[in-house]
Structures are given as structure tokens and as C-alpha cells.
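Down below is the structure, laid out as C-alpha cells.
Laboratory data are not the source of any read-out in this text; all were calculated from the coordinates shown. Worth saying up front: this structure is predicted, and the values here are computed from it rather than measured. No Cβ is skipped: glycine too gets one built from the backbone with ideal geometry, and neighbour counts run over all protein chains shown.
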Amino acid sequence: MAITIDGKATAHKLRAEINTEVQKLVSEGTRPGLAVVLVGDNPASRVYVHMKEKACCDVGIFSDEHKLPAETGEKELLSLIESLNHDTRIHGILVQLPLPKHINEARVLEAISPEKDVDGFHPYNVGRLVLGKPTFQPCTPYGIMVLLKEYGIDLTGKEVVVVGRSNIVGKPVAFMCLQQHATVTICHTRTVDLPDKIARADVLIAAIGRPEAIPGAWIKKGAVVIDVGVNRIAEKKLVGDVEFEAAAERASYITPVPGGVGPMTITMLLQNTLLSAKISHAAKQNSQEEPS
């Protein structure tokens with residue numbers, strides 16, 4: 001039976017460490033600040049924004065919320081982002097997705113200053129990630145890598161299979177695994193012989209958003225299973241992309257849904273905001289120390 005990777009416990013531990021670092025930074029004159037922009041009234045987005053606000057409060061980060069009506073124009077939204085780019089109280093800007101259809105999502109994300117792009121979605125930061133340069137890493141893949149490290153799972157030389165090719169999870173986590181010296185295969189809806197490819201995986205990362213689409217019988221014995229999917233089925237039950245019970249019989253480690261990858265995503269958002277604030281604080285200190 002697989003060892004359950006406890007994302008909730010790991011997130012709790014990390015948030016305590018973030019809180020300590022935030023308080024130290026505050027004592028030195030800088031409070032990290034995160035601006036969250038929500039356009040419209042998407043119920044799931046509302047829940048996520050509330051969770052982010054509470055998480056900020058718990059660790060001492062200043063939370064600046066901007067809730068805009070669904071009919072907000074793209075020009076108005078871009079103007080708000082430009083204002084936040086220049087607001088010295090704000091170290092991270094997050095625009096909650098999805099946006100209403102009349103707004104160009106790519107244009108909005110590219111308007112965020114790369115220095116405040118704590119979601120890691122700006123093309124500049126994506127490029128740095130691909131090149132293996134220091135950058136703000138997308139929060140869910142970042143959380144996955146932290147969990148693997150927390151449980152002592154070394155990717156060197158391992159066969160990693162990523163099922164899903166989204167810009168938010170699939171692609172970035174593949175590059176992160178490459179940087180840890182894994183051999184990576186990215187699969188998707190048009191992949192031929194998907195069961196055979198999954199059966200080769202020493203580490204499987206499932207991120208397709210389809211309830212229990214990957215049967216446990218496909219999992220290699222002793223594999224590590226990271227399930228990113230969060231799918232609501234009958235009676236409001238949450239399940240992942242992998243058939244958990246059957247997979248747990250074959251895997252060595254597995255993330256549950258809920259309580260696996262999910263709690264790590266907001267935690268890494270807090271970590272990125274803290275990092276941005278530290279960079280800003282150091283720059284401010286250096287400018288004050290320079291002779292006039």
C-alpha cells in the first residue's frame with residue numbers, strides 16, 4: 001500500500017516558516033503585499049479568492065482585493081494592472097482566471113510586471129523557467145516539486161510521465177522535472193498507447209481534469225503518483241484524475257484528492273509573494289546605502 005503524500009501537513013509547515021520570514025521583513029520596514037483581481041462572479045473563482053485572502057491574513061501578508069463586475073472592459077482592467085505595477089505596497093499581482101470572454105487573457109497576463117508576476121505566467125518568467133534561470137515558478141508545479149523534495153523522492157534518471165499539456169501545470173512541471181535530471185514524456189488527449197506510456201512511469205503526474213480517467217491497473221508497481229486533478233462527481237464528492245484506491249495498491253507514494261497537491265498551490269503563491277517582497281526590500285536597502 002502506498003505512502004500518502006500529505007500536502008496539507010507540508011503546506012501547514014511551510015506557512016509557519018513563511019509567517020516567520022514575513023514578520024522579520026515587517027520588522028525591517030517592508031510588509032509583503034499581494035493584489036488579487038477578480039472580474040465577474042464565477043462561484044469557483046470567488047471561493048479561490050477568499051481562500052487566498054485568508055491565507056495572506058494567516059501569514060501576515062497584506063491582501064489588496066479588487067472585485068470588478070463582469071462587464072468591466074479590457075481597457076479598464078489593463079489600467080488597474082498598470083496602477084498596481086507602480087504601487088510600492090504591492091509585490092505580487094494575481095488576476096484570477098478565467099476572465100470573461102470579451103477580455104483577452106494573454107494581453108492581461110502580459111501586462112503584469114514580470115517582477116510582480118507571482119503566478120509565474122508572464123512570457124518573460126516562462127522563458128526563464130525553460131532556460132533554468134531563477135524566476136517565479138507557477139504555483140501548482142512549484143508545489144509538486146516541493147512535495148517530491150519533502151518526501152525524499154529523487155528524480156535523477158527517473159522516467160517521469162506527465163499527462164496533460166496545459167500552460168499552468170503540464171508544460172511547466174515537465175521543464176522542472178527535466179531540471180532535476182529526469183527523462184520526461186508529456187502525454188495528452190491525442191497520445192497513442194497512453195496505458196503503455198503510463199505503465200513505464202517511475203513518477204506519474206496526472207493533470208487532465210477528468211475524474212478517475214487513469215485506472216489504477218495502469219500504474220507501474222512502486223511508482224510515485226502525483227494527482228493534480230480535482231473533479232466533483234455525484235454527491236459533491238471530490239476525486240482526482242487517477243483511480244485512487246486501485247493505484248494506491250500498486251504505487252509507493254500517492255497524493256490524495258483532496259489534501260494532496262491542492263493545499264500547496266496557495267502556499268507557493270505566498271512563497272512567491274514573499275520572494276518578490278524580499279527582492280524589493282533588498283533593492284530599496286541598496287539604493288539607500290549608495291552614496292549621493
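Computed quantities for the displayed model
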{"item": "Set of lysines near Lys24 by C-alpha distance (under 24 Å), chain-local residues within fewer than 8 positions excluded", "result": "Lys13, Lys52, Lys54, Lys116, Lys278, Lys284"}
{"item": "Fully extended contour minus Cα-Cα distance, from Ile233 to Arg190, at 0.36 nm per residue", "result": "13.0 nm"}
{"item": "Per residue Cα convex hull volume in Å³ - calculated over the stretch 191-292", "result": "150 Å³"}
{"item": "Ala9-Gln285 FRET efficiency (beta carbon distance; Förster radius 35 Å; 0.05 resolution)", "result": "0.50"}
{"item": "Stokes-Einstein D in µm²/s, Kirkwood radius over Cα pairs - the chain at 25 °C with 0.890 mPa s viscosity", "result": "122 µm²/s"}
{"item": "Scaled radius of gyration (Cα, divided by 2.2 N^0.38 Å) that the stretch 139-262 gives", "result": "0.95"}
{"item": "Stokes-Einstein D in µm²/s, Kirkwood radius over Cα pairs - the stretch 3-122 at 37 °C with 0.692 mPa s viscosity", "result": "212 µm²/s"}
{"item": "Contour excess over end-to-end distance, with Cα ends at His102 and Asp87 and 0.36 nm allotted per residue", "result": "2.7 nm"}
